[in-house]
Amino acid sequence: MAHTLHVKAPDAGYDILFEPGALRRLPAILNAYSLPGRAVIGTNTTVLPLYGRALASLLSDAAVVAIQDGEQYKTLDTLAALYADLTRAGLDRSGLLIALGGGVVGDTVGFAAATYMRGVRLVQIPTTLLSMVDSSVGGKTGVDLPQGKNLVGAFKQPELVIIDTEVLPTLPDIEWRCGLAEVIKHGLLADPTLLDPELLRREKAAEFLPRAVSVKVRIVEQDPFEKDVRAHLNLGHTFAHALEQVSGYSWKHGEAVAVGMVAAVRLSAALALCEPDLPGQLESLLAKVGLPVRFPPYPPERLWEAMATDKKRQRGKTRFVLLKGIGKPLIMEDVAREAVLSVLTELTDR
Ligand SMILES: NC(=O)c1ccc[n+]([C@@H]2O[C@H](COP(=O)([O-])OP(=O)(O)OC[C@H]3O[C@@H](n4cnc5c(N)ncnc54)[C@H](O)[C@@H]3O)[C@@H](O)[C@H]2O)c1
Ligand SMILES: [Zn+2]
């Protein structure tokens, strides 16, 4: 059942290993990849008792350090404490840092690996669906600032990414659904076979993950430093970031991405870029997997304002990733305010 995908990266490139049960075989896997030596497992307080301790006991001489659980801890303060823990654990430049957890752990521990002693080797072991399909691949790491999300970071390519679907049964349903939003995004961008609600079930994760991950791999290989096509991965995200911000981050990212993709596809249809029935197909798929398809009753102008002030805008313009059809994304920067407001109005729950 094991399956490997190689990612070409600017320096060396790395493998993504898909293997149910891989965690139990970690020492052999690290040996096979010539990654023995002293390892420190960086995880969080939730994943530590679930998988972290067992993993540490398999590796001779491994230490384990845990950060607090939650996006609110993806900070410079957490990073400072983590550096101190790594020193205490005796990690030196020849050592290996293993990020075991969801995207918050992957980003924070990954950034520590990029910067601690000017960089140590990193293995990513994502344990949420979102981190398997999205954040563990592509080398972006970093933390948030009070001024905004992910404002400090570095590109840090891992030596290896290990995807073990046997950790998924403990994942809360809401986290599973949020990950599915990014899987569906990858389907819309490049692989229509992913747009099947029968496939997107937890027991089929080992079946669909290699396809879902390979969409991101192909995009980041073309654009490792996010200069052009990597922006396609932001499908639905201009709307999603606005909704997250206006809701005071009470909306989860994946749920906001679901509604945001509906808006982006509706906008594409309104601009006659794609077939008029694509928005309906997407809404029905999202509803079947339990994701939202409507904005809560915020004034559309507030969402528009939030988009216009998003700190991640390029050259002062609001960018939308739109679709000419499934597998045909394009970027537009000069979408009329009226067109956006009209889509938001149509999609707002009253
Ligand atoms: N670097 C990138 O390219 C990139 C891309 C997308 C998102 N991100 C970042 O990823 C983060 C979101 O990641 P996420 O959605 O994985 O959230 P998360 O890391 O907060 O994990 C969600 C929750 O699931 C728990 N958890 C993790 N694995 C579990 C398991 N197997 N069983 C039970 N519980 C488990 C976590 O402790 C947490 O409570 C954000 O900070 C975002 O900015 C980064
Ligand atoms: Zn996202």
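The values are calculated or read from the model by the stated rules, or taken from the named source; none is laboratory data. It should be emphasised that the depicted structure is a prediction, and the values quoted were computed from it without experimental measurement. Using ideal geometry, Cβ is built from the backbone for each residue, glycine included, and neighbour counts are taken over all protein chains shown. In case anyone asks, the SASA skips ligands and DNA or RNA and just uses the protein heavy atoms, side chains included. Shrake-Rupley method; radii C 1.70, N 1.55, O 1.52, S 1.80 Å.
Among residues of the range 42-65 that are farther than 17 Å from Arg24 by Cβ and at pLDDT 95 or above, those with a Cβ under 7 angstrom from a residue that is of a type in the set (Gly, Ala, Ser) and assigned to a helix (DSSP H, G or I), sequence gap 6+ or separate chain, pair up as Gly42/Ala112. Answer yes or no as to whether Asp77 is within 16 Å of ligand 1 (Cβ to nearest atom), surrounded by fewer than 23 Cβ atoms within 10 Å (Cβ to Cβ), modelled with pLDDT of 95 or more and not β-branched (Val, Ile, Thr). Yes: the conditions hold for Asp77.
Suppose the filter is surrounded by fewer than 13 Cβ atoms within 10 Å (Cβ to Cβ) and at pLDDT 95 or above; does Gly95 pass it? Considered against the rule, which asks whether it is surrounded by fewer than 13 Cβ atoms within 10 Å (Cβ to Cβ) and at pLDDT 95 or above, Gly95 comes out as no. Being open to solvent by 50 Å² or more (accessible area, probe 1.4 Å), within 15 Å of ligand 1 (Cβ to nearest atom) and under 16 Å from Leu291 (Cα atoms) narrows it down to one of His237, His253, His241, so name that one. The match here is His253.
Each residue in the range 153-167 was checked for being over 16 Å from Val105 (Cβ atoms) and assigned to a helix (DSSP H, G or I), and 2 pass. Scanning the range 208-234 for residues that are more than 14 Å from ligand 2 (Cβ to nearest atom), in a helix (DSSP H, G or I) and out of contact with any strand residue (DSSP E or B) (no Cβ under 9 Å at 6 or more places or on another chain), we see that the one that is farthest from Val161 (Cα to Cα) is Gln222.
Taken over the range 115-130, residues that are away from ligand 2 (no atom under 16 Å from the Cβ) and either under 22 Å from the mean Cα position of the chain (by Cα) or closer than 15 Å to Gly153 by Cβ (or both) amount to 9.
Checked against (1) in contact with a helix residue (DSSP H, G or I) (Cβ under 9 Å, 6 or more places away or on another chain); (2) surrounded by 13 or more Cβ atoms within 10 Å (Cβ to Cβ), Ala287 passes all but condition (1).
Can you spot a residue in the range 315-330 that is among the hydrophobic types (A, V, I, L, M, F, W, C), open to solvent by 10 Å² or more (accessible area, probe 1.4 Å), assigned to a loop (DSSP other than H, G, I, E, B) and in contact with a Lys or Arg (Cβ under 8 Å, 6 or more places away or on another chain)? For the range 315-330, residues among the hydrophobic types (A, V, I, L, M, F, W, C), open to solvent by 10 Å² or more (accessible area, probe 1.4 Å), assigned to a loop (DSSP other than H, G, I, E, B) and in contact with a Lys or Arg (Cβ under 8 Å, 6 or more places away or on another chain): absent. Scanning the range 128-166 for residues that are farther than 18 Å from Glu226 by Cβ and either touching a Pro at 6+ places or on another chain (Cβ under 9 Å) or open to solvent by 40 Å² or more (accessible area, probe 1.4 Å) (or both) gives Leu130, Met132, Leu145, Pro146, Gln147, Glu159, Val161, Ile162, Ile163, Asp164, Thr165, Glu166. Looking only at the range 158-195, residues that are hydroxyl-bearing (Ser, Thr, Tyr) and within 22 Å of Asn234 (Cβ to Cβ) come to 0 in all.
Residues of the range 168-204 that are in contact with a Pro (Cβ under 9 Å, 6 or more places away or on another chain) and surrounded by 15 or more Cβ atoms within 10 Å (Cβ to Cβ): Leu188, Leu189, Ala190. Of the residues making up the range 117-134, those that are of a type outside the set (D, E, K, R) and either within 15 Å of ligand 1 (Cβ to nearest atom) or closer than 13 Å to Ile162 by Cα (or both) are Leu122, Val123, Gln124, Ile125, Pro126, Thr127, Thr128, Leu129, Leu130, Ser131, Met132, Val133. Applying a threshold of 7 Å to beta carbon distances and a minimum spacing of six or more residues, or different chains, the list of pairs starting in the range 268-288 at a residue that is among the hydroxyl-bearing types (Ser, Thr, Tyr) and ending at one that is modelled with pLDDT of 95 or more reads Ser268/Cys274; Ser268/Leu322; Ser268/Leu323.
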